[in-house]
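Quick note: the coordinates plus some simple rules give every number you see, no bench work behind them. Note that this is a predicted model, so its numbers are computed, not measured. As a convention, Cβ positions derive from the backbone with ideal geometry for all residues, glycine included, and neighbour counts pool all protein chains shown.
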There are 2 protein chains.
Amino acid sequence: MSATRPPDPALVLADPMGLALDLARAAAATGEVPVGAVITDAGGRPLAACANRTETDHDPTAHAEILAIRAACARRGDARLPDCTLWVTLEPCPMCASAIVHARLARVIFGAYDPKGGAVDHGVRLFAHPGCLHRPEVIGGMAESAAATLLRGFFQALR
Amino acid sequence: MSATRPPDPALVLADPMGLALDLARAAAATGEVPVGAVITDAGGRPLAACANRTETDHDPTAHAEILAIRAACARRGDARLPDCTLWVTLEPCPMCASAIVHARLARVIFGAYDPKGGAVDHGVRLFAHPGCLHRPEVIGGMAESAAATLLRGFFQALR
C-alpha cells in the first residue's frame, strides 16, 4: 500500500503498526525522516495511511500524523474522529499531539519514544496539561525496537 | 484580497494585522471561528494570507496559521521561513506554536490573548519550554481590542 493511495476501507488491518513501519521505511528511501502513521476506525478498518513528507512537499507541517488526520477527516467529511485510533511509529511532537486533541481521537498508539521532540511522555506532555481539552488513551512503546532501529539507521546514514 | 488568492508579492503591506483582521471578519461570515493570519518576508512583502477553514474543509488542522505556513513554504519551495514574520489575530494554540517552531519563523505578532487555548503566553507556553528548539521573537496584544471584539461577537451570535 503506498503512502498516497488511500487504504481499502473494507479491509480490517491485522497489524496497523506494521503498516505504519512499512510506510516509514518507504519514506526513508526517499530521504524523509522515517515516520509512518495509520488511522483506524472503531471496527479496525483503515481510514488513512501516511508517511512523513516534510522534505518532499517543502511543508514543515507534513508530519505523518497531520497528513493521516487530514486524510481521515477528508474521507469522513468530518473534522472530528472520536471513534478512531492513531498508530504512529514515533512519539508525536507538540504540533501533532495538539492536532490529535483538535481531532478528538480516542486513542494514540506510538512506537519509539522521543525524549527530544516528543510531547506525550516528554517535553510539554500536552495531554497531561491541566488545560488540555481532550485526553486520548495512550499506549507508548509498541514495536518500539523496530521503530527506533529504523530512525537510528536513517540518522547514522546521514552522517 | 480573498483567503484563497495569494497576495501580490510586489506589494509591501502597510498593515499586515489589518489584513489578518479583514480575513478573520470574512471567515466569520462563512461560519468559521474568526482568525486570520498573514506571513511577510524580511522586506514586508506578503507571502501568504489565510483565514481559519476548519469547518469549511472538515480539517481540524486548518487553522489560519497552519494554512499560512503551508502556503508561504509552498511559494518559497522551502520548509523553513527564518526571515519571516507571522501576523495572526489570536494567540496560537499548541499545534500552531509548534508549527511556527518547525518553520523557524523569526517573529510572531498576535492580536487577542487566548487564556484557554493559547500556547504562547498561556497553557504549555511552548516557546518558553526548556526543550524548545527555536524561539521566535513574540509580540502579543497588537490590535487586541479589534481581534477580541470580533471573536466575542462571533461566539455571542452562536448562542
Lys, Arg +1 and Asp, Glu -1 on Cβ, resulting dipole of region A:64-134 about Cα centre, debye, nearest 20: 200 debye
All-pairs alpha carbon distance profile, the protein assembly as shown, 10 Å steps from 0, percent: 6, 28, 35, 22, 7, 0
Per-copy distances of the A:Ala157 label point, shortest first, in nm (7 angstrom along Cα→Cβ): 5.3
Computed magnitude of the charge dipole of region B:62-105 (debye, nearest 20; Cβ of K, R +1, Cβ of D, E -1): 180 debye
Euclidean distance of C-alpha centroids, region A:66-119 and region B:76-149, integer Å: 21 Å
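Can you tell me what share of the DSSP beta bridges in the protein assembly as shown is antiparallel? A percent to the nearest 5 is fine. Mind dumping the intermediate values first?
Details: 18 of 35 bridges.
Among the beta bridges of the protein assembly as shown, antiparallel pairing accounts for roughly 50 percent.
Can you compute the equivalent ellipsoid semi-axes for region A:1-115, i.e. the square root of 5 times each eigenvalue of the Cα gyration tensor, sorted largest first and rounded to whole Å? If you can, show how the numbers build up before the last one.
Numbers: eigenvalues 73, 49, 36 Å².
Taking √(5λ) for each Cα gyration eigenvalue gives 19, 16, 13 Å.
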Other-copy label distances relative to A:Gly77, 7 angstrom Cα-Cβ extension, nm: 3.8
Two-decimal Rg/Rh across region B:75-159, once Rg and the Kirkwood Rh are taken from alpha-carbon atoms: 1.02
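What's the average, rounded to a whole number, of partner chain beta-carbon atoms within 10 Å of each residue's beta-carbon in A:121-127? Provide the component values of the computation, followed by the final result.
Details: counts 0, 1, 7, 11, 1, 7, 0.
Partner Cβ neighbours, averaged per residue: 4.
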For B:Asp57, label point 7 Å along C-beta direction: distances to other copies, nm: 0.9
Local net charge near A:Cys96, Cβ-Cβ under 11 Å (Lys/Arg +1, Asp/Glu -1): -3
Rotation relating A and B, chain B residue nearest the axis via C-beta, angstrom: B:Val124, 2
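I need the helices of chain B that pass two filters: whole DSSP H segments spanning 20 Å or more by Cα along the axis, and mean Kyte-Doolittle score no lower than 0.0. Provide the component values of the computation, followed by the final result.
Numbers: long enough: B:144-158 (21 Å, 0.72).
Answer set is B:144-158.
Please tell me the relative contact order of region A:1-141 in percent, rounded to the nearest whole number, where contacts are Cα pairs under 8 Å and at least six residues apart.
After rounding, I find 18 percent.
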Cβ-based charge dipole, region A:46-152, positive-most Cα from A:Cys132, A:Leu86, A:Ala143: A:Cys132
Per-residue [θ]222 nm for chain A (sum of -39500 (n - 2.57) over DSSP H runs n ≥ 4, rounded to 500): -10500 deg cm²/dmol
Neighbouring partner chain Cβ atoms per residue of A:96-109, average, 10 Å criterion: 4
Partner chain coverage, peptide B:52-61 - average Cβ within 10 angstrom: 6
Dipole moment magnitude, nearest 20 debye, chain B about Cα centre, only Lys, Arg, Asp, Glu C-beta charged: 160 debye
